[in-house]
Amino acid sequence: MASHHHSFRAAAVQAAPVFLNLEVSIDKAIALIEEAANAGAELIAFPETFLPGYPWHIWLDSPAWAFQFTAEYFDNSLEYGSVEADRLAAAARDNHIMVVMGLSERFQGSLYIAQWIIGADGRTIATRRKLKPTHVERTVYGEGDGTDLSVYDTDLGRIGALCCWEHLQPLSKYAMYAQNEQIHVGAWPSFSLYPGAAYALGPEVNTAASRVYAVEGGSFVIAPCATVSADMVEMLCTDDAKRAMLSEGGGYARIFGPDGQLLHEPLDPSTEGLVYADIDTSAIAVAKSAADPAGHYARPDVTRLWLNKSPGDRIISGTPAEAGATRIIEGDDTISADVNSLPEELALVDTVTRQHV
């Protein structure tokens with residue numbers, strides 16, 4: 001019988017983009033892709049919104065003050081199908097490496113926190129958007145939909161991705177676990193905001209979230225994490241109050257095994273570079289033999305997850321019946337519907353069999 005296990009080297013990025021400069025940030029990303037490939041990596045993962053950088057300005061002052069960055073941030077966000085996007089796809093192909101890029105996605109008049117999984121042949125495996133932007137991120141970005149909680153078969157195994165505090169959403173995590181995710185890319189923006197004033201935003205909590213995800217899901221977690229550069233601080237921190245809210249550094253890139261073990265020596269938080277780990281998915285079977293939360297360790301007779309994978313299309317052509325419209329009746333604490341009338345994309349995920357009902 002052919003083995004269904006995969007062994008490969010993975011790299012996680014710990015670096016700052018060239019903030020608000022898409023073209024030069026892509027230059028830097030390509031250099032990191034080449035470095036990882038030359039070191040034998042078959043997958044490289046980038047931080048949240050590495051292109052064109054995380055919008056730290058929204059956390060530093062009023063929306064009116066932050067508005068000065070809006071147009072430039074929009075113009076330097078990445079649009080799929082553009083020349084800039086083609087450069088990234090070509091870099092993946094030319095270096096024979098899978099790339100999971102974190103980006104601010106520009107689509108028509110809106111932006112989305114996104115992750116783009118590019119195969120080693122340069123073809124798109126998947127694009128996804130953060131399901132719910134966190135706190136003031138909602139002043140910049142739109143929301144994803146149920147299709148963004150998906151796991152994909154690839155030559156390296158079953159791969160999925162989430163961003164930042166999506167790792168604190170129990171139901172979203174469970175949706176990923178239930179799809180037999182083996183390699184998870186958890187992208188983070190940097191842990192240098194509000195130092196000493198907001199413990200939940202700091203490195204201890206958030207690296208723990210990546211580690212717990214690995215143990216809960218029985219998967220390898222590749223967690224790239226950006227740094228904040230001196231140039232970013234100079235641009236955004238225009239007074240002492242802002243300089244107290246955002247610090248340089250903050251990089252905590254990590255790669256964890258399915259038992260929660262850290263698989264490499266970490267870089268100093270102020271250092272840019274790559275961390276590497278050797279992945280062997282056969283270790284997942286050992287981890288899940290003790291606890292498979294969407295398998296033998298589940299109790300679907302007590303708790304189950306309802307995952308709606310219908311695309312969040314804004315405009316649907318045709319009659320309501322043709323468009324698959326479904327009447328959902330809302331009660332005090334529950335949402336109910338006739339399961340037989342639901343469109344195919346709206347499924348009750350059985351936590352043991354993972355079959356669609």
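No lab work stands behind these numbers, since they all come straight from the coordinates. What you are looking at is a predicted structure, and each value in this text was computed from that prediction instead of being measured. Backbone-built Cβ (ideal geometry, glycine too); neighbour counts: all protein chains shown.
Values as computed for the structure displayed
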| read-out | value |
| --- | --- |
| Relative contact order, percent, the chain [alpha-carbon distance under 8 Å, six or more residues apart] | 18 |
| Residue with peak Gaussian network fluctuation, the chain [Cα springs, cutoff 10 Å], from D280, D145, D155 | D155 |
| Size of electric dipole in the chain: Cβ of Lys, Arg +1 and of Asp, Glu -1, about Cα centre, debye, nearest 20 | 560 |
| Nearby lysines by direct alpha-carbon distance to K288 (threshold 23 angstrom, same-chain neighbours under 8 apart not counted) | K173 |
| Antiparallel content of DSSP bridges confined to the range 7-290, in %, to 5 | 65 |
| Reachable aspartates and glutamates, given that their alpha-carbon falls under 17 Å from the alpha-carbon of K130 and they are not under 8 places away in the same chain | E48, E79, E105, E143, D145, D148, E166, D313 |
| Segments 105-112, 11-18, 169-176 sorted - mean Cβ within 10 Å per residue, highest first | 11-18, 169-176, 105-112 |
| Label-to-label distance, nm, for residues given as Q261 and S282 (7 Å Cα→Cβ offset) | 1.4 |
| The range 1-67: GluC sites (Glu not before Pro) falling in loop per DSSP and having at most 15 other Cβ within 10 Å | none |
| Total charge dipole magnitude, the range 185-255, about the Cα centre, Cβ charges on Lys, Arg, Asp, Glu only, Debye to nearest 20 | 240 |
| Residues with amide H under 5 Å from that of V185, placed H, sequence gap 5 or more | G160, A161, L162, I222 |
| Per-residue Cβ neighbour rank within 10 angstrom, fewest leading, S190, S150 | S150, S190 |
| The chain: DSSP helices with Cα axial extent of at least 20 Å and average Kyte-Doolittle hydropathy no lower than -0.5 | 22-38, 203-217 |
| Ascending count of other beta-carbon atoms within 10 Å, so fewest first, for H167, H184 | H167, H184 |
| Extension gain, H135 back to D240 (0.36 nm per residue minus Cα-Cα distance, nm) | 35.4 nm |
| Distance between the range 235-259 and the range 6-62 - C-alpha centres, whole angstrom | 15 |
| Those GluC sites (Glu not before Pro) in the range 170-254 that DSSP places in a loop and that have at most 12 other beta carbons within 10 Å | none |
